[in-house]
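The values are calculated or read from the model by the stated rules, or taken from the named source; none is laboratory data. Note that the structure is predicted; figures quoted are calculated from it, not measured. Here the Cβ is made from the backbone with ideal geometry for all residues, glycine too, and neighbour counts use every protein chain on show.
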Amino acid sequence: MRQLSSYYLNPLALCVYTGLVLAGVFLDYRSHHINQLPLVFVLTALVATLAWAFNFKRLLGMSEIPVATIASAAQGYVELFGTSKSLTLTRSPIRGVECVWFRLWIYARDTNYMWRLADYRISEQLFELQDDSGVCRIDPRGAEVFAASRHVVVQHDHKYIEDVLFADKPVYVLGDLDTGSQINTEAEIHQDAGKLMTRLKQSKAMLLQQFDLNRDGEIDMHEWELARESAYAEVRAKHAQRLQSELHLIAKPANKRLFLISGISPQALRQHYQRWAWAHFSFFCLAILFSVFIDNLAA
C-alpha cells in the first residue's frame, strides 16, 4: 500500500539489511564455509539502491521548483507553503480532534497473535492552504502525506494508528495547480439567474420597485428584459467574486509526478529525504566493500 511507504519504507529497509546479514552469517556458521555472505551483501546493496532511489526521487522532485506564493503561482506543477484551513468541521476518528485531514489503520490480532490489517480509512474532503497572498484549495486524494501528528492506541486486541493534519497549522504541498477547475459554467450561471428571477416574481413589490420604470403598476416586456439582464449581471458578479475568493485547486498530477502534502516545512522534509538518501548510499557502499572483501577472502 503506497500510503505506508513514506513512514515505513526506510525503517523496513534497515530491517531488511539486518535480516539479510544475520541470515548470511547464520547460514555460513551452519555450513562452516564463507560462501553465502557475498550474495547476501549483493542483495543488501540492491535493497539499498531501491531505498536510495525512493528518497532521491522525492528530494529531486522538491528541488525542481522553488516554493511560490499563491498569488504568484502559475498553473501547473507548484510548491506552496502556508497555513491549513478547514472547509467543513472534521474530527479525527480516535482522538476526536479538529483537523483538515486524517488517516487511520486498524489492526487486529489473529489466532497466531500476529497483527493483521482489519480496516483502513482516509479522509478525502478538500481543505484550504492560506498564505499572505491568498487562499488555495487542496484535494488530498492520491497524495503522499507526512502528518504532523501520529497517535497509537492498543486496546482489546486491536491497534489503532492515526495520522492527523491539524487545522491552522503549517502545511506544505507539492502538486498540480489548476486555475480553471472552479470556473462556473454558463449552465450554472443560467440556473442561478433563474432562481433569482423566481424570487423576484414571488416578491411583486420588490419587482415593481426596481423595474417598473413608467410606474403603471405592471411589468411590461421591456422592463422584464431589464430585470432579466440585471439578474444575470448580479449572478455573474457573485460567481466572479466567489471564484476570486476560492482561487485555485491543487490536486494529484496527471503525469505521475509526485504529489506531496506535509505537516512539516519544506526545509525539514528535504532534510528528511536527504538524510535517508545518504544513509542508504552508505549501506550500499559498505555492502559492496564487504562483498568484495569476503569474496577475496574465500578465494
LEU80 being in contact with a helix residue (DSSP H, G or I) (Cβ under 9 Å, 6 or more places away or on another chain) and either among the aliphatic types (A, V, I, L, M) or assigned to a strand (DSSP E or B) (or both):
no
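Among the residues of region 213-271, write down those that are modelled with pLDDT of 85 or more and surrounded by 18 or more Cβ atoms within 10 Å (Cβ to Cβ).
Selection gives LEU249, ILE250, ALA251, PHE259, LEU260, ILE261, SER262, GLY263, PRO266, LEU269.
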Residues being closer than 14 Å to ALA118 by Cα and either crowded, with 16+ Cβ neighbours inside 10 Å or in contact with a Gly (Cβ under 9 Å, 6 or more places away or on another chain) (or both): count how many of those fall in region 149-158.
0
Among residues belonging to region 166-184 that are at pLDDT 90 or above and in contact with a helix residue (DSSP H, G or I) (Cβ under 8 Å, 6 or more places away or on another chain), point out the one that is farthest from SER63 (Cα to Cα).
TYR172
Restricting attention to region 106-146, report how many residues are over 16 Å from ILE161 (Cβ atoms) and assigned to a strand (DSSP E or B).
11
In region 87-105, what count of residues is obtained for those that are surrounded by fewer than 18 Cβ atoms within 10 Å (Cβ to Cβ) and in a strand (DSSP E or B)?
2
When the residues of region 91-126 are narrowed to those that are in contact (Cβ under 8 Å) with a residue 40 or more places away in the chain and among the β-branched types (Val, Ile, Thr), which ends up nearest to SER262 (Cα to Cα)?
VAL100
